Amino acid sequence: MPWQIRLMLPGVHGTSLLPLVRLLRPREWIKNGFVLAPAIFSGRILNPDSAIGAVTAALLFSVAASAAYIVNDIQDVERDRVHPRKRVTRPIASGEVTIPTALTVLGGLYALLGAGIFFLLPATAAPLLAYVALNLAYSWWLKDAPIIDLFVVASGFMLRLYVGARAIDVPLSSWMMITTLALALYLASTKRLQELKAGGPHARPVLAFYSVTLLERYAEASASSAIAFYGLFVITVRPELALTIPFVLFGLFRYWYIVDVTGAGESPTEAMWTDWQLIATVVLWIGFSVAALSIGPSP
């Protein structure tokens, strides 16, 4: 087709760049919005220098995340080839991209990440490299360790906050960290819950250690904690954000509805991209937060 970009790269089957784009999983980059949270909650998101630093940090984290996805896809290729959905959607498992080509792309991403850290944001080196190391450990071992796997996933979100704070040189709120931890554990628990319901205990080795009841309890405890901690954060640190609490509650309720009724929680980002109410809630929450912090008093 005339609109396709021809690709002359060995190891990629097809006539377009689409398999390589899918290998990077750009839809998952929405998670890196957490990198912007310190700029938003410090009230510095409207400062041009801070905004540029925060966005640059989010882009660097997207490079690191894509590298982590490639490592995971290489490690999980045999499992993915027997998975009803991943054998089609994952380029390595489907045969659209060969492992040598994926390794070449991975090396390019690591080089880009290193250059970005060195030349643009050296202050973010420690948390970004910690994220890379954590994901290597996760791909090769930790994802099969019950409970640890949930906390590793949650740690990735906390590192996003740390990168965002380091990028603009602001202190990281303890309330923000614990709220994010609880929210991330909720997302991780519901993801494992849907994987268990959809594929049974053999869909992923770690699922053999879980039960539906246990994961439901984890999800409930995490969601309740996220709501409580966010409320305490608003009351004690940022009272001008009181009007954002309904958006947080609605977002959690809506996501839980999607998980329970449609079974879409196996991919939190897919649920986010495909539900207009969730999208609208996030946009409104960000808008209200920026507006309130730009006109409200600083703590």
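The values are calculated or read from the model by the stated rules, or taken from the named source; none is laboratory data. Bear in mind the structure is a predicted one, so any value in this text is a computation, not a measurement. Cβ sites come from the backbone with ideal geometry, for glycine too, and all protein chains shown count toward neighbours.
Is it true that W285 is modelled with pLDDT under 85, within 30 Å of L46 (Cβ to Cβ), of a type in the set (F, W, Y) and assigned to a helix (DSSP H, G or I)?
no
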**Asked** Quick one: which helices (runs of 4 or more DSSP H) sit completely within segment 46-112 and have at least 2 residues that are within 30 Å of A123 (Cβ to Cβ)?
**Response** 48-75
**Item:** segment 61-77 residues that are within 18 Å of F34 (Cβ to Cβ) and touching a residue at least 24 places away in the same chain (Cβ under 8 Å), paired with ones that are in a helix (DSSP H, G or I) and among the small types (G, A, S) (beta carbon under 9 Å, 6 or more apart)
**Value:** F61/G164; V63/G116; A65/G156; A68/S139; A68/G156
**Request:** Report, ordered by the first and then the second residue, all pairs with beta carbons closer than 6 Å, sequence separation of six or more or different chains, a first member in segment 31-58 that is touching a residue at least 12 places away in the same chain (Cβ under 8 Å) and closer than 19 Å to V153 by Cα, and a second member that is hydroxyl-bearing (S, T, Y) and in a helix (DSSP H, G or I).
**Result:** N32/S62
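A quick yes/no check of all residues on (1) more than 20 Å from the chain's Cα centre (by Cα); (2) on the phi > 0 side of the Ramachandran plot; (3) among the β-branched types (V, I, T):
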| site | (1), (2), (3) |
| --- | --- |
| L185 | no, no, no |
| L193 | no, no, no |
| H202 | yes, no, no |
| L207 | yes, no, no |
| T213 | yes, no, yes |
| S224 | yes, no, no |
| I227 | no, no, yes |
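Would you confirm whether or not segment 198-210 contains a residue that is touching a Pro at 6+ places or on another chain (Cβ under 7 Å) and not aliphatic (A, V, I, L, M)?
yes
Listed here are the residues, each with its yes/no results for (1) on the phi > 0 side of the Ramachandran plot; (2) surrounded by fewer than 17 Cβ atoms within 10 Å (Cβ to Cβ); (3) at pLDDT below 95.
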| residue | (1), (2), (3) |
| --- | --- |
| I45 | no, no, yes |
| I52 | no, yes, no |
| L60 | no, no, no |
| A68 | no, no, no |
| D76 | no, no, yes |
| I92 | no, no, yes |
| G95 | yes, yes, yes |
| A115 | no, yes, no |
| F119 | no, yes, no |
**Request:** Scan segment 240-254 for residues that are in contact with a Gly (Cβ under 9 Å, 6 or more places away or on another chain) and in contact (Cβ under 8 Å) with a residue 24 or more places away in the chain and jot them down.
**Result:** E240, L241, V248
**Request:** With the condition kept exactly as written, say whether any residue in segment 156-163 is among the basic types (K, R), under 15 Å from the mean Cα position of the chain (by Cα) and in a helix (DSSP H, G or I).
**Result:** yes
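Here's the yes/no breakdown for (1) within 15 Å of D149 (Cβ to Cβ); (2) in contact with an Asp or Glu (Cβ under 8 Å, 6 or more places away or on another chain); (3) of a type in the set (V, I, T):
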residue: M177; (1), (2), (3): no, no, no
residue: T180; (1), (2), (3): no, no, yes
residue: T190; (1), (2), (3): yes, no, yes
residue: E195; (1), (2), (3): yes, yes, no
residue: G200; (1), (2), (3): no, no, no
residue: P205; (1), (2), (3): yes, yes, no
residue: F209; (1), (2), (3): yes, no, no
residue: V212; (1), (2), (3): no, no, yes
residue: A221; (1), (2), (3): no, no, no
**Prompt:** Which of the residues spanning segment 100-129 are closer than 16 Å to N72 by Cα and free of Cβ contacts under 8 Å to residues at least 40 places away in the same chain?
**Reply:** L103, L106, G107
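Within segment 130-147, can you find the residues that are without any contact (Cβ under 8 Å) to a residue 24 or more places away in the chain and exposed (fewer than 15 other Cβ atoms within 10 Å of the Cβ)?
Answer for segment 130-147, where residues must be without any contact (Cβ under 8 Å) to a residue 24 or more places away in the chain and exposed (fewer than 15 other Cβ atoms within 10 Å of the Cβ): A133, A137, W141, I147.
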**Asked** Among all residue pairs at least 6 apart or on different chains, which show Cβ distances below 7 Å where the first residue, located in segment 196-216, is among the hydroxyl-bearing types (S, T, Y) and the second is in a helix (DSSP H, G or I) and surrounded by 14 or more Cβ atoms within 10 Å (Cβ to Cβ)?
**Response** Y210/R192; Y210/L196
